[in-house]
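I have placed the structure first, in the form of C-alpha cells, so that the comments after it can refer back to it.
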Amino acid sequence: MTVQRKIKRRAREALRGSVRRASLLLFLWLLAWQAVDLGDRVSFHLLGRQLGWGGAGEWVFHPAALGATAAALGVRLLLLAPLQAGAVTWFDGLMARRDRPLGTLFWPYGNRVWLRSLGVRLYAGAATGAVALLPLAGLGSAVWLLRHRLAALSPEHRALAAALTGVAAALWLLAAAAYAKRFSMAVLLLGPDYGCTAAEAIALSAECTRGYRWRLVWLDLTLLPWLASCLLVLPAVYALPYCAACRVGYSRYLYRRMLRKRQRQKGRDRDGTEHRV
C-alpha cells in the first residue's frame, strides 16, 4: 500500500465518530470568514456614503477607495490568518488520536501564534505570488508586444499559438503549485506540539517537503473529486473534514520522516567520530 493510501485510510479511521465535530469546526471557520466579510462590506458602504460616492465608475480608482480596500485586506488577513493555524492544530490532534476542544480554532488569538501565522501567510503568499505571476506577466507582455505579428498569422496558426500559450501557462501554474508546497507545513509547525517561530516553521517546512512536493500536488489532485462533491452542499459535511485530515496526515508523515532522517544522520556522525578516535 502506498503512503498516500495509508494516510487516506488513517484519515477515514480518525474521522469515525468525529465527523460532526470536524464539520462544526469548519462551519465556525466559515462563519468567522462571513462575519469579517460582512464587516468589510458594511464599513466600505458607510465610507462610500460619507464621501458621497455615486456609481462604481466614480470611485473605484479614487485614492480613498484604494486606501480603504488596502486597509480592509490588511484587517481581513490579520483577523483570519490565525484561524487556519487553529484548524490545522485541531486536525493534528485528531490524526494523533488526541481529543481537542472546538475552541482550539481560536487558540492562536491568545498567544504569539497570531503574529507568527500572519508572518507565514505574508511570506508564503509573496514568494509564491512572485514565482507564479512574474513569469506569466512576462509571457503576457511578450504576447502583447508580438500582437501585430500574431494577428498576421493564419487562423490555424493563431489557434495553435493560443493553444501553446495556454499549455505553457498551465504547466507553469502547476510548477508554481509544486513550489508553494514548500510552505505547506509551516502553519502546522506553529502548533503547540512543535512550537516553531515563523522563520523556523518556514525553513523546517522546506526541509520536510523536499522531494515530496510533486506528491503533495498529486494528493491535492486526487482530492479534487471530493471537493467537487461539495457543490451538492450535503457531501461537504464529510468531504471537507476528510480533505483537511488527509493534508494534515501527510504533513505529520513528512515531519516524522524528517526526524528519523536526522536521527540516522546523528548516528552516522557519532559512529564516524568514535571510529576516528
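Look at Ala127 and say whether it is in contact (Cβ under 8 Å) with a residue 40 or more places away in the chain, surrounded by fewer than 16 Cβ atoms within 10 Å (Cβ to Cβ) and out of contact with any helix residue (DSSP H, G or I) (no Cβ under 6 Å at 6 or more places or on another chain).
yes
Looking at the stretch 7-23 only, could you name the residues that are open to solvent by less than 80 Å² (accessible area, probe 1.4 Å) and touching a residue at least 40 places away in the same chain (Cβ under 8 Å)?
Ile7, Lys8, Ala11, Ala14, Leu15, Ser18, Val19, Arg21, Ala22, Ser23, listed by residue number.
Name the single residue, out of those in the stretch 213-252 being outside any helix (DSSP H, G or I) and of a type in the set (A, V, I, L, M), that is modelled with the lowest pLDDT.
Val233
Look at Ala127 and say whether it is under 28 Å from Gly86 (Cβ atoms) and modelled with pLDDT under 85.
No; evaluated as a whole, the condition is false for this residue.
When both residues are 6+ apart or on different chains and their Cβ atoms are under 6 Å apart, which pairs have a first residue that lies in the stretch 233-251 and is without any contact (Cβ under 8 Å) to a residue 24 or more places away in the chain, and a second that is outside any helix (DSSP H, G or I)?
Final answer for the pair search is Cys243/Leu223.
Among the candidates Arg112, Arg100, Arg121, Arg116, which residue alone is among the charged types (D, E, K, R) and open to solvent by less than 40 Å² (accessible area, probe 1.4 Å)?
Arg100
Could you check the stretch 164-180 and list, in sequence order, the residues that are aromatic (Phe, Trp, Tyr) and under 14 Å from the mean Cα position of the chain (by Cα)?
Tyr179
Show the residue pairs that are 6+ apart or on different chains and have beta-carbon atoms under 9 Å apart, the first residue being within the stretch 98-112 and farther than 17 Å from Ala14 by Cβ, the second being among the β-branched types (Val, Ile, Thr) and surrounded by 11 or more Cβ atoms within 10 Å (Cβ to Cβ).
That search, which allows pairs on different chains as well, returns Leu105/Thr89; Trp107/Thr89; Trp107/Val113; Pro108/Thr89; Arg112/Thr197.
Does the stretch 135-154 contain at least one residue that is surrounded by 11 or more Cβ atoms within 10 Å (Cβ to Cβ), outside any helix (DSSP H, G or I), touching a residue at least 24 places away in the same chain (Cβ under 8 Å) and not β-branched (Val, Ile, Thr)?
Scanning the stretch 135-154, I find no residue that is surrounded by 11 or more Cβ atoms within 10 Å (Cβ to Cβ), outside any helix (DSSP H, G or I), touching a residue at least 24 places away in the same chain (Cβ under 8 Å) and not β-branched (Val, Ile, Thr), so the answer is no.
Pairs needed: first member in the stretch 171-184, over 19 Å from Leu122 (Cβ atoms); second member anywhere, of a type in the set (Lys, Arg) and assigned to a helix (DSSP H, G or I); C-beta distance under 6 Å; at least 6 residues apart or different chains.
Once the first residue is over 19 Å from Leu122 (Cβ atoms) and sits in the stretch 171-184, its partners that are of a type in the set (Lys, Arg) and assigned to a helix (DSSP H, G or I) give Ala178/Arg213.
When Tyr194 is evaluated against the numbered criteria (1) of a type in the set (Phe, Trp, Tyr); (2) under 16 Å from the mean Cα position of the chain (by Cα); (3) surrounded by fewer than 16 Cβ atoms within 10 Å (Cβ to Cβ), which criterion, by number, is the only one it fails?
The one condition Tyr194 does not meet is (2).
Quick one: is Ala161 more than 20 Å from the chain's Cα centre (by Cα), surrounded by 13 or more Cβ atoms within 10 Å (Cβ to Cβ) and more than 22 Å from Lys261 (Cβ to Cβ)?
Against the criterion (more than 20 Å from the chain's Cα centre (by Cα), surrounded by 13 or more Cβ atoms within 10 Å (Cβ to Cβ) and more than 22 Å from Lys261 (Cβ to Cβ)), Ala161 qualifies.
The values are calculated or read from the model by the stated rules, or taken from the named source; none is laboratory data. What you are looking at is a predicted structure, and each value in this text was computed from that prediction instead of being measured. Backbone-built Cβ (ideal geometry, glycine too); neighbour counts: all protein chains shown. To get the accessible areas, we keep the full protein, side chains included, count just its heavy atoms, and leave off ligands, DNA and RNA. Shrake-Rupley method; radii C 1.70, N 1.55, O 1.52, S 1.80 Å.
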